[in-house]
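The values are calculated or read from the model by the stated rules, or taken from the named source; none is laboratory data. Because the structure is predicted, anything quoted here is derived from the model rather than measured. Using ideal geometry, Cβ is built from the backbone for each residue, glycine included, and neighbour counts are taken over all protein chains shown.
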Amino acid sequence: MACLSPILEEILFRGLFLRSMKAYVPGLRAALIVPTLAAAGHQNFVTALPGQLVLCLVYLRLGNSLPASVAAHIANNAWAVYWMHMVR
C-alpha cells in the first residue's frame, strides 16, 4: 500500500489531470491548479501543497515523466515515514 498510493496518485493527477489540463490552460496555470487539487485530498492541505508542487515540477521538467514523479513521490513518503519514526 505504501507504494501503490503514490503510483495511483501520480497516474491520476500528473498522468491524467495535468496532461489533459495542459491542452486547455497554459502550463504554469495548470502546474498550480493540479497540485492544489492533489493537496486537497491529503489530511493537511498546507503541508501537502509544497510537495505536490515539487512533484508537478519534477514531472514537467523531466519531459512529462511519470516514472520520475512516481519515484520522487515514493521517496518523499519514505522520508516522511522515516522522519516520523526518528522523531519519536
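Give region 1-14 a look and list any residue that's surrounded by fewer than 18 Cβ atoms within 10 Å (Cβ to Cβ) and either part of a helix (DSSP H, G or I) or at pLDDT 95 or above (or both), or say none.
Leu4, Ser5, Ile7, Leu8, Ile11, Leu12
Is region 49-69 home to any residue that is assigned to a helix (DSSP H, G or I), among the polar types (S, T, N, Q) and surrounded by 15 or more Cβ atoms within 10 Å (Cβ to Cβ)?
Checked against the condition, which is being assigned to a helix (DSSP H, G or I), among the polar types (S, T, N, Q) and surrounded by 15 or more Cβ atoms within 10 Å (Cβ to Cβ), region 49-69 yields at least one hit.
Of everything in region 18-32, what is over 12 Å from the mean Cα position of the chain (by Cα) and either within 24 Å of Ala80 (Cβ to Cβ) or not in a helix (DSSP H, G or I) (or both)? Give them in sequence order.
Lys22, Ala23, Tyr24, Val25, Pro26
Which ones in region 34-60 are more than 12 Å from the chain's Cα centre (by Cα) and modelled with pLDDT of 95 or more?
Phe45, Val46
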